[in-house]
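Below is one structure, written out as structure tokens; comments come after it.
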Amino acid sequence: MTVTRESVLETLGKIVDPISKKDLVTAGMVRALTVSDGAVRFVLEIDPARAKAMEAVQAEATEALKALAGVTNVSVVMTAHSAAPPPPDLGGKKKSEPGGPQKIPGVDRIIAVASGKGGVGKSTVSANLAAALAAEGRRVGLLDADVYGPSQPRMLGISGRPSSPDGTTILPLRNHGVTLMSIGLMTRDDEAVVWRGPMLMGALQQMLNQVQWGALDVLIVDLPPGTGDVQMTLAQKAEVTGVVIVSTPQDVALIDARKALDMFSKLGTPVIGMIENMSTHICSQCGHEEHVFGHGGVQAEAAKLGAPFMGEIPLDIDIRLASDGGAPIVVSKPNSPQAQAFRRIARKMIEDGQA
Ligand code: ADP
């Protein structure tokens, strides 16, 4: 028997908020409800001052839903409905429990690379960090989960389709010391893919669990921009070691970066830190220094949010040319200052046990 959205709402409609005396649905507290293959997820929007008292309501809702026929997993995340985000959760590792976040066999750590906005260089940073960690001798995998614009095959110079000798497991491809699986390797270059929520979640789970990653020290997951289904699914299904947030120093990008950070901390994913990309630009002709998108904004924001600042990457044409040419700058110009900026971040992550 499959559970429907209607039956979930009916069940939640019988649970009463002790203060307003309204049921959770009428009180407008149930947000972002998804019901898929027996898994029920939603956000319970509450007054932060009542967080402790609402734990009993959260538990009651979870129990009532688990008792519904066809429900296999219930995940309720409480969030504050006030505009002020809570401080990021920098600790709090979750344990493996049935239906909860799981480890991938053979993979020691999973690091998500996220951004609030598209085009801030999240994929460029993922590819270079992966190559930089490989250059430090780590066994590195890269999962390109940016379903809206999978660019890792191009950035790592990988083409062709991964094979599946038994029709179930998928053999990833490899270049520059990095084992890669990308949603882009499963579709044709010219194919516009329209993904809906359940398909996205299915594709991500397939890439996490059916790909033969082998023994890895770290698997980097290049997420789509924003705060959507893929991010939620990853945080709920995989034991993520931590998330790195990439942003440009511009205000508009920072606003979205803050939202991304807020979502991960609510989901209980530790925040490793923030990286400022497209920071200082040095003119290749005259050496003049310019701050095209501002400078220092990410460091200031990280300090405000209590998240570590991991470093800055310049806005530099060689970084783009290297990515377009299929060998990240860390590989194509290993001694350049740009490559060294990535290497420093990678070394710090290894020192801190994050990679
Ligand atoms: P996202 O993954 O956030 O959408 P990308 O990594 O695809 O962003 O970067 C968007 C574009 O900006 C690409 O053409 C990329 O080569 C370029 N780019 C990213 N970072 C830099 C940088 N530091 N200097 C120059 N170009 C960059």
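The values are calculated or read from the model by the stated rules, or taken from the named source; none is laboratory data. Predicted model only: the values in this text are computed from it and were never measured. Don't worry about glycine lacking a Cβ; one is built from the backbone with ideal geometry, like all the others, and counts go over all protein chains shown. Surface areas here come from the heavy atoms of the whole protein model, side chains and all, with no ligands, DNA or RNA. Shrake-Rupley method; radii C 1.70, N 1.55, O 1.52, S 1.80 Å.
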### Pick from the stretch 321-355, criterion over 16 Å from LEU133 (Cα atoms) and touching a residue at least 12 places away in the same chain (Cβ under 8 Å), ranking: most open to solvent (accessible area, probe 1.4 Å)
PRO337
### Query
Applying the selection to the stretch 98-146, what residues are in a loop (DSSP other than H, G, I, E, B) and within 12 Å of the ligand (Cβ to nearest atom)?
SER115, GLY116, LYS117, GLY118, GLY119, VAL120, GLY121, ALA145, ASP146
### Task
State yes or no: is THR269 within 16 Å of the ligand (Cβ to nearest atom) and touching a strand residue (DSSP E or B) at 6+ places or on another chain (Cβ under 7 Å)?
no
### Message
exposed (fewer than 15 other Cβ atoms within 10 Å of the Cβ) and either modelled with pLDDT of 90 or more or under 18 Å from MET201 (Cα atoms) (or both): which single residue out of GLU63, GLU6 fits that description?
### Response
GLU63
### Query
What are the residues in the stretch 323-336 that are of a type in the set (Gly, Ala, Ser) and near the ligand (Cβ under 8 Å from one of its atoms), if any?
SER323
### Query
Are there any pairs, at least 6 apart or on different chains, whose C-beta atoms fall under 6 Å, with the first in the stretch 112-127 and in contact (Cβ under 8 Å) with a residue 24 or more places away in the chain and the second small (Gly, Ala, Ser) and part of a strand (DSSP E or B), and if so, which?
VAL120/SER247
### Query
Residues in the stretch 210-233 that are away from the ligand (no atom under 16 Å from the Cβ) and in contact (Cβ under 8 Å) with a residue 60 or more places away in the chain: how many?
10
### Task
Quick one: which residue in ALA303, ALA307 is assigned by TED's automatic domain parsing to the domain that holds ALA114, under 23 Å from ILE111 (Cβ atoms) and exposed (fewer than 14 other Cβ atoms within 10 Å of the Cβ)?
ALA303
### Hits in the stretch 147-161 (condition: touching a strand residue (DSSP E or B) at 6+ places or on another chain (Cβ under 7 Å), closer than 13 Å to VAL221 by Cα and assigned to a loop (DSSP other than H, G, I, E, B))
PRO150
### Query
Under the condition of being within 15 Å of ALA341 (Cβ to Cβ) and touching a Pro at 6+ places or on another chain (Cβ under 8 Å), which residue from the stretch 304-322 is farthest from the ligand (Cβ to nearest atom)?
ALA322
